[in-house]
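The structure is given below, and queries will be raised subsequently.
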Amino acid sequence: MSTSVQFAPDLTICRILNGMWQVSGAHGAIDRHRAVDEMFAYHDAGFTTWDLADHYGPAEDFIGTFRRRFAADREAERLAEIQAFTKWVPHPGRVTRRLVEDAVGISLSRMGVERLDLLQFHWWDYADKAYLDALKHLADLQHEGKIRHLALTNFDTERLGIIADQGIRVVSNQVQCSLIDRRPEARMASFCGDHAMTLLAYGALLGGFLSERYLGRPEPQRAEINTASLRKYKNMIDAWGGWTLFQELLAVLKRIADRHRVSIANVGVRYILDCRAVAGVIVGARLGVAQHVADNSRVFEFALDGDDQAMIEAVLAKSRDLMKLIGDCGDEYR
Ligand SMILES: NC(=O)c1ccc[n+]([C@@H]2O[C@H](COP(=O)([O-])OP(=O)(O)OC[C@H]3O[C@@H](n4cnc5c(N)ncnc54)[C@H](OP(=O)(O)O)[C@@H]3O)[C@@H](O)[C@H]2O)c1
């Protein structure tokens with residue numbers, strides 16, 4: 001499998017994106033200098049695409065510092081090798097052109113760019129239709145050259161339809177998608193196929209639960225669940241089918257991983273990359289704390305076959321239906 005994909009006609013990305021929620025402070029302390037040093041290691045290994053947000057602590061500033069150092073240490077022309085996708089997550093309420101312009105202006109300045117590669121927009125309350133005003137203002141800023149491509153995060157399929165009907169062009173929607181959360185397959189993937197949109201998937205590694213580290217381990221107690229990401233996905237595991245069934249899944253993934261001489265995490269990411277409409281998987285990076293660059297590179301070096309899929313399917317068939325339990329993608333936020 002190729003490591004990169006043509007995400008938009010003028011934008012190629014690595015199919016594994018580096019997720020920067022992990023530098024927000026909710027996943028342990030991050031040393032700024034070590035974190036930015038580490039960004040070079042990711043970049044040099046081919047992981048050139050970053051996913052961040054206005055509210056992920058210093059993430060946008062890290063991009064700014066990384067770009068400045070990159071331009072100084074290497075050549076400024078090579079800055080085009082870096083893709084940085086941010087988000088705008090406004091508080092509920094009226095959305096004016098001024099509000100949108102100011103938010104985009106702050107991201108541009110923190111990230112040290114003249115144009116955002118991708119602006120992913122989140123909205124908390126569908127009852128408040130001001131999300132359409134926000135998107136129209138963002139589309140105007142795009143036409144003025146401040147945003148290269150417009151995208152969404154955590155929108156459901158119904159709202160994707162409403163937005164498309166307004167003539168607003170978005171290239172992707174970022175949603176939770178993992179072996180235990182295949183809700184995008186139910187409705188969203190086919191909508192994306194029909195509307196030239198793709199999905200960026202997060203949560204594929206369940207914050208780290210989907211790895212050898214938790215194989216054969218008793219259910220972790222609250223004190224052990226020490227990152228915001230692990231807390232989020234422990235709730236998902238409980239909703240999906242619980243710890244005992246999750247152990248069954250890990251055991252099957254380990255057998256598959258051993259067959260291919262890769263890791264459980266590799267199988268989990270590869271499975272999602274093979275899903276319909278998925279352009280990329282965002283894997284969280286605790287920069288300067290823990291690093292899995294070499295292991296994650298192996299995702300591109302093997303393929304899951306029909307036997308692997310059948311073994312996985314046999315476990316997943318025992319789980320609860322999250323579409324019924326939670327609703328479409330993003331409904332967990334509403
Ligand atoms: N739009 C949204 O609402 C939203 C929500 C959540 C996340 N996101 C995005 O998605 C990104 C991913 O975050 P996530 O919370 O979903 O976490 P995740 O990617 O499921 O898990 C990340 C963790 O997995 C572990 N890991 C990574 N590679 C591994 C490997 N090869 N082997 C074993 N363990 C490995 C690391 O744990 P250790 O550090 O402990 O080693 C890492 O911190 C975020 O940074 C953010 O960009 C977006």
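If you take the alpha carbon radius of gyration of region 207-270 and divide it by 2.2 N^0.38 Å, what ratio comes out, to two decimals? Mind dumping the intermediate values first?
Details: Rg = 11.7 Å, N = 64, 2.2 N^0.38 = 10.7 Å.
Its radius of gyration relative to the 2.2 N^0.38 Å reference: 1.09.
Calculate, axis by axis, the spread of Cα positions in region 80-226 along the three principal axes, and write the results as whole Å, longest axis first.
54, 35, 34
Can I ask one more? Would you please classify the overall shape of region 184-334 from the alpha carbon gyration tensor, given that a ≥ b ≥ c denote the square roots of the eigenvalues, rounded means a/c under 1.5, and beyond that prolate means a/b larger than b/c while oblate covers the rest? The partial results should precede the final answer.
Details: a/c = 1.27, a/b = 1.11, b/c = 1.15.
Since a/c stays below 1.5, the shape of region 184-334 is classed as rounded.
Across region 276-290, in residue order, what do the Karplus-derived ³J(HN,Hα) couplings come to in whole Hz, using 6.51 cos²θ - 1.76 cosθ + 1.60 with θ = phi - 60° and x for Gly and Pro?
Taking θ as phi minus 60°, the curve returns 4, 6, 7, 8, x, 10, 8, 10, x, 10, 7, 4, x, 10, 9 Hz for region 276-290.
When the Karplus curve 6.51 cos²θ - 1.76 cosθ + 1.60 is applied with θ = phi - 60°, which whole-Hz ³J(HN,Hα) does each residue of region 291-305 get, with x for Gly and Pro?
9, 10, 4, 5, 5, 5, 5, 6, 3, 8, 9, 8, 9, 7, 10
For a bin width of 20 Å, list the pair-distance distribution of the chain built from all Cα-Cα distances, rounded to whole %.
Pairs per bin, as whole percents: 31, 60, 9.
How large is ³J(HN,Hα) for each residue in region 92-99, as worked out from phi by the Karplus curve 6.51 cos²θ - 1.76 cosθ + 1.60 (θ = phi - 60°), to whole Hz, x for Gly and Pro?
Karplus values, whole Hz, x for Gly and Pro: x, x, 4, 10, 9, 4, 4, 4.
Also, quick follow-up: Projecting each Cα onto the charge dipole of the chain (Lys/Arg +1, Asp/Glu -1 at the beta carbon, about the Cα centre), which of MET236, LEU11, ALA257 comes out farthest on the positive side?
Farthest along the dipole direction, towards plus: MET236.
Relative contact order for the chain using alpha-carbon pairs under 8 Å, separation at least 6, rounded to a whole percent?
Details: 544 pairs, mean separation 70.4, N = 334.
Worked out over the chain, it gives 21 percent.
Measure off, as a whole percent, the carbon and sulfur share of the 1.4 Å-probe accessible area of region 92-156, all protein chains present. Intermediate values should be presented prior to the final figure.
On the way: 1410 of 2820 Å².
In region 92-156, the share of accessible area belonging to carbon and sulfur is 50 percent.
Here's something else I'd like to know. Hey, what's the per residue convex hull volume over the C-alpha atoms of region 242-320, in cubic angstrom? Walk me through the numbers on the way to the answer.
On the way: hull volume 9.4 nm³, N = 79.
Hull volume normalised by residue count: 119 Å³.
Next up: Name the residue, out of LEU138, LEU79, LEU215, whose mean-square fluctuation peaks in a Gaussian network model built on the chain with Cα pairs under 10 Å.
Result for the chain, Cα springs under 10 Å: LEU79 fluctuates most.
Could you give the distance between the Cα centres of region 35-108 and region 140-184, to the whole Å?
For region 35-108 versus region 140-184, the Cα centre distance is 19 Å.
Further, regarding this structure: Mark the label point 7 Å from the Cα of ASP37 along Cα→Cβ and return the residues of region 253-289 whose backbone N is within less than 13 Å of it.
288-289
Amide H to amide H, which residues 5 or more places from HIS292 or on other chains are under 5 Å from it, using H placed in the peptide plane?
none
How do TRP88, TRP21 rank by accessible surface area computed with a 1.4 Å probe, from largest to smallest? Write out the running numbers ahead of the final one.
On the way: TRP88 20, TRP21 75 Å².
Correct descending sequence by accessible area is TRP21, TRP88.
Sequence-distant or interchain residues sharing an amide H contact under 5 Å with PHE155, placed H: which?
Residues meeting the amide H criterion: GLN174.
Over the chain, with a Gaussian network built from C-alpha contacts below 10 Å, which listed residue (ALA223, ALA257, ALA29) shows the highest mean-square fluctuation?
ALA223
Can you give me the angle between helix 130-143 and the longest principal axis of the chain, using Cα atoms only, in degrees from 0 to 90, rounded to the nearest 10?
For helix 130-143, the angle is close to 70 degrees.
I've got another one for you. On C-alpha positions alone, give me the angle between the axis of helix 243-260 and the longest principal axis of the chain, in degrees, nearest 10.
90 degrees
Rg(Cα) of region 1-101 divided by 2.2 N^0.38 Å? Write down the numbers at each step before the final one.
Details: Rg = 15.1 Å, N = 101, 2.2 N^0.38 = 12.7 Å.
Its radius of gyration relative to the 2.2 N^0.38 Å reference: 1.19.
Moving on. Taking the Cα centre of the chain as the origin, how large is its charge dipole in debye, to the nearest 20, when only Lys and Arg (+1) and Asp and Glu (-1) carry charge on their Cβ atoms?
Numbers: 41 positive and 45 negative charges, 89 e Å.
Roughly 420 debye for the chain.
In percent, what relative contact order does region 202-300 have, based on Cα pairs under 8 Å that are 6 or more apart in sequence?
Here the relative contact order equals 35 percent.
Estimate the FRET efficiency between LEU132 and ASP274 by the formula 1/(1 + (r/R0)^6), using the beta-carbon distance for r and 35 Å for R0, to the nearest 0.05.
Details: r = 34 Å, r/R0 = 0.97.
The computed FRET efficiency comes out at 0.55.
Taking the Cα atoms only, what angle lies between the long axis of helix 306-316 and the longest principal axis of the chain, rounded to 10 degrees?
Roughly 90 degrees, rounded to the nearest 10.
The values are calculated or read from the model by the stated rules, or taken from the named source; none is laboratory data. Note that this is a predicted model, so its numbers are computed, not measured. Cβ sites come from the backbone with ideal geometry, for glycine too, and all protein chains shown count toward neighbours. Each accessible area value is taken on the protein alone, full model and side chains, heavy atoms only, with ligands, DNA and RNA left out. Shrake-Rupley method; radii C 1.70, N 1.55, O 1.52, S 1.80 Å.
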